[in-house]
Amino acid sequence: MAPPLIQLKDIRLTFGGTPLLSGVELSVSSGERVCLIGRNGSGKSTLLKIAAGLVEPDGGSRFVQPGATIRYLPQEPDFGDHKTTLAYVESGLGPGDDHYQARYLVEQLGLTGEEDPAHVSGGEARRAALARVLAPSPDILLLDEPTNHLDLPTIEWLEGELESRRCALVIISHDRRFLSNLSRQTAWLDRGQIRQIDRGFSAFESWRDEVLAEEERDQHKLDRKIVNEEHWLRYGVSGRRKRNVKRLGNLHELRDQRRTYRGATGNASLAAAEADKSGKLVIEAKNISKAYGERKIVDNFSIRVQRGDRIGIVGPNGAGKTTLIEMLTGGSEPDSGTIRLGANIEMATLDQHRESLDPKSTLAEALTGGRGDHVMVGGKPKHVVSYMKDFLFAQEQMRTPLEVLSGGERGRVMLARSLAKPSNLLVLDEPTNDLDLETLDVLEEMLGDYEGTVILISHDRDFLDRVVTSVIVPEGQGRWIEYAGGYTDMLAQRRADLKRETVVAASAEDSKKPKGTSSSGTSKRRLNFNDKHALETLPKTIAKLQAEIAKLQRFLDDPNLYSKDRKKFDATSAAIGKAQKDMEEAENRWLELEVLREEIEQA
C-alpha cells in the first residue's frame, strides 16, 4: 500500500457543547479519489480546513508527506486586494510553476482574466478559485463544494479535467453524479467520527443504510441487556459478594453507554402546502421572443404546460434560463408572441440567491414573517418550533440570526418559507444549492408526491433525472427546444453534451459588436491563450525535433548497424519515424496559426 500523502489521526474539536469531531482518522494516498460525505453541520468543511492546515484542532495530529503540495478550494474564496481574476489565479502558483497554465485555465473556465474580483458573480468567483487551485498541478486537491454556482457545461468540463489528473482528491459535494463519476473511496463523517470504505459514492447509500440498521440492532440488544440487568438488581442481589459488585458496575457502564449514544440525525419532513387544483392547462406560450439589444435570449418559442408536468430548464450561465422562466410565469412580458396562464393558478417560488432573507433577522422571524410564534402552513397555523423541526432545526436555534447559518441551513429556510404557501405551481430556481444528500432525497420525494405543476432550473443532473418529465435546453441564437424525459434522456436525443461556447461565447461576441457588424467571417476569429502559447513555443519544438532527427539519422548512417544490433536498428527506425511525424504536425500547426494571425491583423 502506498504511503499516505496526508494523514489525520485522532482529530478532536469542540465548539462548545457536543464535540464536532471526536477521534477522527483520515488517510489519503497518492492518486486516491475520496468523497467526504456528511450532513450539513457535521463538520466536513472544518475537517477539510484542518487537512489544509488552516484550522488547528483541539487534539490529534496532522502529517503531510515532505515535499507534497496541497491546494484547498474554499466555499467562498477570499480575493484579498488582487485587481484582476488573473492576478488572483497567478498568486496561487509556486516557484517554477508555469504562468501559461494559469492563463489557459482562466480561459477554459470562461473568464477573460481582466474581471474585477470586487464585482464578479458567484459563478465567476467559483471559476477563478478553481483555476487558482488547478494551475499549480498539486499533489493533493481539497475541494469544498467545487460545483456550486457552476453551470452544467463547466461541471462536465471540470469532471474531465479532474479525471485526467494524477493528483489525490478529497471532495465535498452535494452533486451525486459528480461524486459517482470521480470518487473511488468514501469517507462518511457521522456524529463526530469517520467511517471509510474503498468504494466510490455510488455504493455509499446502500452501505450507509446497512451500517445504520446494524447500529439499530446493536442498540436494541443493549436496551434488552439493561432491562435484564435491572431486573437482577431489583430481585437477584444476594449478599455483597465481589461478583455482584462487579456486575453492578457493569450495569452502570451499560447505562452510561446508552446515555451517551448519539443516534442518527433524522430526515427533514418536507411537504408543500397545496392549494385547490389549477385548470388542466397551466401555461400556454405561443411564438414568444425576447432580446436585449442585438442579443436574442428567446426566439419564437412555444410550449404547453399541463397540470402535473415537471419541467426542468438547463443550460449555461447567461443563456437566459431565468428570463425564460419569468416570461412563462408572467413575471415579465415577451417582446412578441403571447403567454396565457390557466385558471386558478397559485404560485410559490424559490429564489436561488436567497435575496429575500434578511441576514440580521432570526430564524423564527424569517419563518413567521416577524408575526408571533406561528407559521401559516397551507392556511393553518403551526407553531414555529414544530415547523423548524420538520426542516431539521433545533429549538435552541429559534433566535439564531440567519447570517450565522450555513449555506445548507439557509437553503432549508428558503424551502420552509416557499413550501408553507399554498400553491399548485412550484417555481424553483436552483433548489438543490447547498442541501445535503438526505435533504435532497426528501425534496425529491416531496416533489414526486406534489399534485401540482413544477418548473425548475437546476444544474444537478441526478436531481433532474429523478424529478422532471421533460427538459428545455438552449440550442444557441435564442432557440430553445423541449426534450421528453430527464437530463440523460435529453443527452441521448441530442446526441451531444451541452457546450458553454454555443451560447456564452457567441453571446459575448455579439454583445461587444457595434450595430450593423456582421457576425460571420474573420470578426469571430481570435487567438486564444492556447493558440498564442503554441505560436511562441512551436518553433522551439520544431528545432528540438530537427536536432533529434539528425542525431538518430547519424546512428542509421552506420551501414553495419542492422547486422551488429538488430534491436537497436528497429528502435532507432521507429523513433526517427515518430519524430518526423511529430515535426510535420508541429510545422502544419504553426503554419495554420501563423496564417490565422495574419488574417486577424489584416481584418
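Computed from the coordinates by the stated procedures, all read-outs in this text should not be read as laboratory data. None of these values were measured; they are calculated from a predicted model. Cβ sites come from the backbone with ideal geometry, for glycine too, and all protein chains shown count toward neighbours.
Residues F569, F393, arranged from fewest to most other Cβ atoms within 10 angstrom of their Cβ, appear as F569, F393. Summing +1 for each Lys or Arg and -1 for each Asp or Glu among the other residues whose beta-carbon sits under 14 angstrom from that of P3 gives -2. In sequence order, the range 179-192 has phi-based couplings of 5, 4, 6, 10, 7, 10, 10, 10, 10, 9, 8, 9, 6, x Hz under the Karplus curve 6.51 cos²θ - 1.76 cosθ + 1.60, θ = phi - 60°, and Gly or Pro positions carry x. The label-point distance for K568 and S361, in a model that sets each label 7 Å from Cα toward Cβ, rounds to 8.4 nm.
Model label sites at K544 and R479, defined 7 Å from Cα along the beta-carbon direction, differ in position by 4.4 nm.
Seen from L48, the other residues with C-beta closer than 13 Å to its C-beta sum to a net charge of +2, counting Lys and Arg as +1 and Asp and Glu as -1. How high is the FRET efficiency from H383 to L535, r the C-beta distance, R0 51 Å, rounded to 0.05? Working from the Cβ atoms, E equals 0.15.
Applying the Kirkwood pairwise sum to the alpha-carbon positions of the range 4-206 produces a hydrodynamic radius of 17.4 angstrom.
Spacing of the modelled spin labels on R195 and K551, each 7 Å from Cα toward Cβ, amounts to 5.7 nm. Peptide packing for 194-203, 26-35 was compared via the average number of neighbouring C-beta atoms within 10 Å per residue; ordered from the highest value, the list is 26-35, 194-203. Each part reduced to its alpha carbon centroid, the range 287-359 and the range 547-603 end up 57 Å apart.
Ordering E159, E430 from the fewest to the most neighbouring beta carbons within 10 Å gives E159, E430. Among the listed pairs K83/K540; K44/K421; K83/K532; K290/K360, those with a Cα-Cα distance over 31 Å are K83/K540; K44/K421; K290/K360. When only alpha carbons of the range 525-602 are considered, Rg and Dmax amount to 17.3, 57 Å.
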